[in-house]
Amino acid sequence: MNKINEFTDELLNGKGYIMIPSVFSPQEIKEANDLINFYIENEDQKTTHFQGGNKDKLHLQKRVWNLLNKGDIFVKMVQNRQILEIVGDFLGSEFCLGSIAANCILPGGPGQEPHVDYPYWDIYKKKSFPLNINPSYPLNCQVTILLTDFTEENGATGVLPFTQKLCRYPNEEDVLKYFDQGERMTGKAGDIVIFYGLIWHGAMPNNTIDQIRSAILLQYLPKFVKPMEDQMRGVNNEVIESATPILKQLLGFDYPYPKILDADEAYNAEGKF
């Protein structure tokens, strides 16, 4: 088993997450962090998630969406070769990009309740999912790029290992276990964490008085899963026109469906157009 296979086996059958140090340089992290700080200071409050009962502190978690339009560094990050090799082994070679966003927990921010990620995010609505849905093959791979150091004090992501095997949303008893037995994704700016989106996880409270805990969140999906963010409509033409082949794949431009088959050319007897 090679290193890539070891990584993906850990995601599927092991703890459900891996950390890889120093994937991005200090210069790359500074460029991305400067842009994120600019947008959280100048944009209105955007859609965010999973604040539990802390509605009065909603403003202390900031999201910056649609990052491919907001800096070449984000276009570069989403195509990082080391990330793509692992994701491709986990999801299949024609995987797509579900979302790229920043999540910033400000000092005093309450963090999130433990949850699972899209497309499993509302799996508590059991009747809306197929019978016998299970974790034997993944429909999601999440990548967190640390823009700042992640510490226990500033809200490093919490995770309960092996829960990706359960394929269900945590209930009240599970939440107690998560906070009692969970681990923390601590690391340095430039490190990445890759995890299976079914694992119970969440940003923890930022208990510092002067540290913003910031990260880029990349969501990758198998080619047949509908992306969370509408890449077709949301990404600027300038980005698309200069896109590499892998970026076009990630944006879904290489995937032919859905299509209007009534207007499609038929195959001839030899199986050719």
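Please treat every number below as a calculation from the coordinates, not as lab data. In this text the structure is predicted, and so the values were computed from the model without any measurement. Cβ placement follows ideal geometry from the backbone for every residue including glycine, while neighbour counts extend to all protein chains displayed.
Can you name the residue in segment 56-85 that is under 16 Å from the mean Cα position of the chain (by Cα) and assigned to a strand (DSSP E or B) and is also farthest from ALA101 (Cα to Cα) among such residues?
Per the criteria, the residue is LYS62.
Cβ-Cβ distance below 6 Å, separation of 6 or more or different chains: which pairs start in segment 57-77 with a residue that is touching a residue at least 40 places away in the same chain (Cβ under 8 Å) and end on one that is β-branched (Val, Ile, Thr) and in a helix (DSSP H, G or I)?
LYS62/ILE40; VAL64/ILE36; LEU68/VAL75; LEU68/VAL239
Every residue in segment 86-120 that is without any contact (Cβ under 8 Å) to a residue 24 or more places away in the chain and in a loop (DSSP other than H, G, I, E, B), please.
Of everything in segment 86-120, just one residue is without any contact (Cβ under 8 Å) to a residue 24 or more places away in the chain and in a loop (DSSP other than H, G, I, E, B), namely SER93.
Out of ILE199, ILE216, report the one residue that is touching a helix residue (DSSP H, G or I) at 6+ places or on another chain (Cβ under 9 Å), crowded, with 18+ Cβ neighbours inside 10 Å, of a type in the set (A, V, I, L, M, F, W, C) and farther than 24 Å from ILE36 by Cβ.
Going through ILE199, ILE216 in turn, the sole match is ILE199.
Here's a check for you: in segment 15-42, which residue that is without any contact (Cβ under 8 Å) to a residue 60 or more places away in the chain and of a type in the set (Asp, Glu) is nearest to PHE90 (Cα to Cα)?
Filtering segment 15-42 for residues that are without any contact (Cβ under 8 Å) to a residue 60 or more places away in the chain and of a type in the set (Asp, Glu), the one nearest to PHE90 (Cα to Cα) comes out as GLU31.
Restricting the search to segment 183-196, which residues are in a loop (DSSP other than H, G, I, E, B), in contact (Cβ under 8 Å) with a residue 40 or more places away in the chain and surrounded by fewer than 24 Cβ atoms within 10 Å (Cβ to Cβ)?
Answer for segment 183-196, where residues must be in a loop (DSSP other than H, G, I, E, B), in contact (Cβ under 8 Å) with a residue 40 or more places away in the chain and surrounded by fewer than 24 Cβ atoms within 10 Å (Cβ to Cβ): MET185, LYS188, ALA189, GLY190, ASP191.
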